[in-house]
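Laboratory data are not the source of any read-out in this text; all were calculated from the coordinates shown. If you're wondering where the values come from, they're calculated on a predicted model, not measured in any experiment. Here the Cβ positions follow ideal geometry from the backbone for every residue, glycine too, while neighbour counts run over all protein chains shown.
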């Protein structure tokens, strides 16, 4: 890995160059740590104040001057989206700002609750510029800078629990939109390659005394240039009402067949790599970088 070119001159930035209030992460009493032991102690204390009871974790890393290297934060236990608020930042009026870079920083969360589904999640960032800030009281803050040079995300969960959540949201949407009851929903993923998957959805719906079953097959493939293509899209049912609805409305849906969707244009970042996992567990690994890099 090449060293970043961001300057690391410890001379504080002129406060007049800063906005009156900016968003940053509160760490604790100053001064800015100058040893690895001081840095880890400061971060551990800051996180301990924010992490809910029952969540455990470990923090490791190394301080190299003002820069951070091989930082890893790993948590386990029930932690949902509302509780994970520390990274959102808080307003601060800095009096000093010292530029630095995190050469590698990793966050791992096991059993992270996303809409009722426990997810194992990892985010790993490389060459991420940031600033050490101090406020008028001498407290130390950390302000993330522009995007990292690249970021790798990994997430994984049980297919059965993910399907249960999809079932719940789909049932609520159908009931509200058309008074239809979704009685059953099954999902099977068939992997043809690292980024080539067919999703087989089968379900049973009812309204009043009418009941219908249907199966949908959607195959999506992502090529080496990170362009997604809907290879095939089919709906099958023995129910004549479902067949008629597919004939009437299916034309618009079938228009997506063969359509190519560049992931870089959709996400606004350069997708460098993407891998899918299917089976008892479903997961995704994706590496991204700022557009143009």
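For region 120-251, go through all pairs of different Cα atoms, get the mean of 1/r, take its inverse, and jot down that Kirkwood value in Å.
With all distinct Cα pairs of region 120-251 included, I get 19.1 Å.
With contacts taken as Cα pairs under 8 Å at a separation of at least 6 residues, region 100-200 carries a relative contact order of 19 percent. Computed over the Cα atoms of region 15-145, what is the ratio Rg over Rh, Rh following Kirkwood? Answer for region 15-145: 0.97.
Which whole-number percent is the relative contact order of region 15-145 (Cα, under 8 Å, 6+ apart)?
Value for region 15-145: 30 percent.
Each Cα pair under 8 Å and six or more residues apart adds its separation to the average, and for region 158-290 the resulting relative contact order is 19 percent. The ranking of 131, 37, 188 by Cβ neighbour count inside 10 Å, starting from the fewest, reads 37, 188, 131.
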